[in-house]
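Working notes, beginning with the structure itself.
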Amino acid sequence: MSASSGETAFYVRTDADRYAPTAFTRGPWDAASQHAGPPAALLGRSVERRPDGRDDMRLARITYEILRPVPIRPLEISVEVVRAGRGTELLEASLTPEGGEAVMRARALRIRRTAESVPEVLEGPAVLPWQDSAELPFFDVPWDVGYHTAMELRFAAGSFTERGPATCWMRPRVPLVAGEETGALERVLVAADSGNGISSELDFRTHVFVNPDLTVHLHRHPIGEWVCVQARTSIDTAGIGTADASLHDEKGPIGRSVQSLFVAAR
């Protein structure tokens, strides 16, 4: 895999809780702002890897509030425990540019895991495998390097340039943080925010459909490098929409993601 750039990752860690974003985080709408996928994954990573974290807990749900565009500027992360219990814990993490206000917050629910304590109830593979899916281009982006070049895409159904529901396998071409192996949860979170783009019902050139939030539920820990987002968008004439997606790995469904949408003419 190659991302065709001198950059080596989405972020470079500069201190214990500080990260410098690279050009790979750039989203398709604003050259000065990040796609929400990489910062969402960075917050999820910080929740899972915090020094005082419990090894017997696993993330089951994380909800992001995207308060304002995430700038391509050095960022600081803070994580605090809101509630700690025997079987569950609730944490809050925030992402703040140096000298600014928080641009993204996340609330994460972690649930205690006990190996083989209950029978497994899972669906099998429900989408076309990534090996049999089509390598189709991203929609036109006015800059050469960004999230669109940092992600490898294969469509099992639909495409970025078609209107309507679509199913897309995704994997990062570069690590989330330079010098680190990207974790399974991080691969899911860097992809999950793409549901509204994958399943667009309106033309990117005439309308915006921006998500001010993202919620990801996971009932199973993902395996493999590829994550599949099977998404559908619904829009009301009032300009409010929802992008709902089923998330998969090579073994089968792993959870769901949902985005609220602000929809308007350009």
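The values are calculated or read from the model by the stated rules, or taken from the named source; none is laboratory data. This structure is a prediction, so every number in the text was calculated from the model and none was measured. All Cβ positions, even for glycine, are placed from backbone atoms using ideal geometry, and neighbour counts span all protein chains on display.
Restricted to segment 214-249, and to residues that are charged (D, E, K, R) and in a loop (DSSP other than H, G, I, E, B), which residue is farthest from the chain's Cα centre (by Cα)? The extreme case among them is 236. When residue 136 is tested against (1) among the hydrophobic types (A, V, I, L, M, F, W, C); (2) assigned to a strand (DSSP E or B); (3) without any contact (Cβ under 8 Å) to a residue 60 or more places away in the chain, exactly one condition is not met: (2). When segment 140-158 is limited to residues that are part of a loop (DSSP other than H, G, I, E, B) and surrounded by 15 or more Cβ atoms within 10 Å (Cβ to Cβ), the one that is nearest to the chain's Cα centre (by Cα) turns out to be 146. Being out of contact with any Pro (no Cβ under 8 Å at 6 or more places or on another chain) and more than 21 Å from residue 126 (Cα to Cα) is a description that applies to residue 206. Filtering segment 159-181 to residues that are part of a loop (DSSP other than H, G, I, E, B), of a type outside the set (A, V, I, L, M, F, W, C) and more than 25 Å from residue 47 (Cα to Cα) leaves 159, 161, 162, 163, 164, 165. For segment 19-73, a residue qualifies if it is of a type in the set (Gly, Ala, Ser), assigned to a loop (DSSP other than H, G, I, E, B) and in contact with a helix residue (DSSP H, G or I) (Cβ under 7 Å, 6 or more places away or on another chain), and exactly one does: 27. Selection of segment 41-67 for residues being of a type in the set (Lys, Arg), at pLDDT below 95 and within 30 Å of residue 28 (Cβ to Cβ) yields only 49. The set of residues from segment 175-201 being touching a Phe, Trp or Tyr at 6+ places or on another chain (Cβ under 6 Å) and modelled with pLDDT of 95 or more comprises 176, 177. Considered as a group, the residues in segment 182-211 that are out of contact with any Ser or Thr (no Cβ under 6 Å at 6 or more places or on another chain), in a loop (DSSP other than H, G, I, E, B) and of a type outside the set (S, T, N, Q) include one that is farthest from residue 170 (Cα to Cα), and that residue is 205.
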